[in-house]
Amino acid sequence: MLRTHKLGEADRIVTLLTRSQGLVRGVAKGVRRTTSRWGSRLEPFTHVDLQLAEGRSLDVITQAETLTPFSSRLGLDYERYTAGTAMLETAERLVAEERQPALQQFLLLVGGLRALTTGEHRPGQVLDSFLVRSLSVAGYAPSFDGCARCGATGPHRAFNPSAGGMLCADCRLPGSATPAAETVVLLGALLSGDWAVVDVAEPRHLREANGLVAAYLQWHLERGLRSLAYVER
Ligand SMILES: [Zn+2]
């Protein structure tokens, strides 16, 4: 469940990322009545098993069963909650087309939310790892090792979101960032999910990687993610 918005007096339009059909929108009838039979099952973050019936313009949700109530596990922790919100928004933005299977994005999102709730890793890095992997699945894989332009073997020093990642000395563009070597290693670890490296990284490298991931994401979405503004950096 990614997002909901009001429809008429008592209904909501629910935006979902599904395992088999990608992005789907459906109407939840009567969900805003205090006596609603839906309870919290149709709220953002909830992983549900659901049935849809074809409606005139939008499909109608006829049944929903909670598989994992991520929202109740995230709700009390501001940092985890805002990281989770940014994940939901990114997933919706990167799977722009409705009814196009997006299994990898679905699995990344469920895995990312699960990692946020278990608390094994810091929320900021769970989010950053999700963002670079989600961008990769969407076709915007960053290069943190070889040069993003000519492919020359790294490590390289310049980072430029518009060029797709790290650039060698020959391909370097004006205005590129020059992150610390440790930050570049960290970025690669966030992309590959190498938590042994991520979990022991120093705060200044985590912060630097964090800023570069945000810059990369914003470059690849036509406008910045609203929810990223609330994530504590
Ligand atoms: Zn190059």
Check your understanding: When Lys and Arg each count +1 and Asp and Glu each count -1, what net charge do the other residues less than 14 Å away from Ser71, Cβ to Cβ, add up to?
Key -> +3
Revision key, fill the gap. Dividing the mean separation of Cα pairs under 8 Å (6+ apart) by the residue count of the chain yields a relative contact order in percent of 15 percent
Practice item. Identify the GluC sites (Glu not before Pro) of the stretch 1-76 meeting these criteria: DSSP loop state and at most 13 other C-beta atoms within 10 Å of the C-beta. Key: Glu9, Glu54
Review point. Modelled label-to-label distance, Gln63 and Arg114, 7 Å Cα→beta-carbon offset: nm?
Key: 2.5 nm
Revision key, fill the gap. For the chain, longest principal axis from Cα atoms; helix 181-192 axis from its Cα atoms; angle between them, nearest 10 degrees, is 40 degrees
Study note, to complete from the structure: So, relative contact order of the stretch 164-213 in percent, Cα under 8 Å, 6 or more apart, is 36 percent
Point to revise | Value at 222 nm in deg cm²/dmol, rounded to 500, when DSSP H runs of n ≥ 4 in the chain each add -39,500 (n - 2.57) | key: -11500 deg cm²/dmol
Check your understanding: Taking only Cα atoms, what is the 0 to 90° angle, nearest 10, from helix 123-137's long axis to the longest principal axis of the chain?
Key -> 90 degrees
**Study point:** Net charge of Cβ neighbours under 14 Å - reference Ala10; Lys, Arg +1; Asp, Glu -1
**Key:** +4
Check your understanding: With a sphere of radius 12 Å drawn around the Cβ of Cys150, what net charge do the other residues whose Cβ falls strictly inside it have (Lys, Arg +1; Asp, Glu -1)?
Key -> +1
Revision key, fill the gap. Quick shape check on the stretch 29-149: root eigenvalues a ≥ b ≥ c of the Cα gyration tensor, a/c under 1.5 is rounded, otherwise prolate if a/b tops b/c, else oblate, and it reads oblate
Review point. How much of the calculated P(r) for the chain lies past 32 Å, in percent of all Cα pairs?
Key: 25 percent
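Read the figures in this text as sums done on the coordinates, not as results from a lab. Computed from a predicted structure; not experimentally measured. Cβ coordinates were reconstructed from backbone atoms using ideal geometry, including for glycine residues, and neighbour counts include every protein chain displayed.
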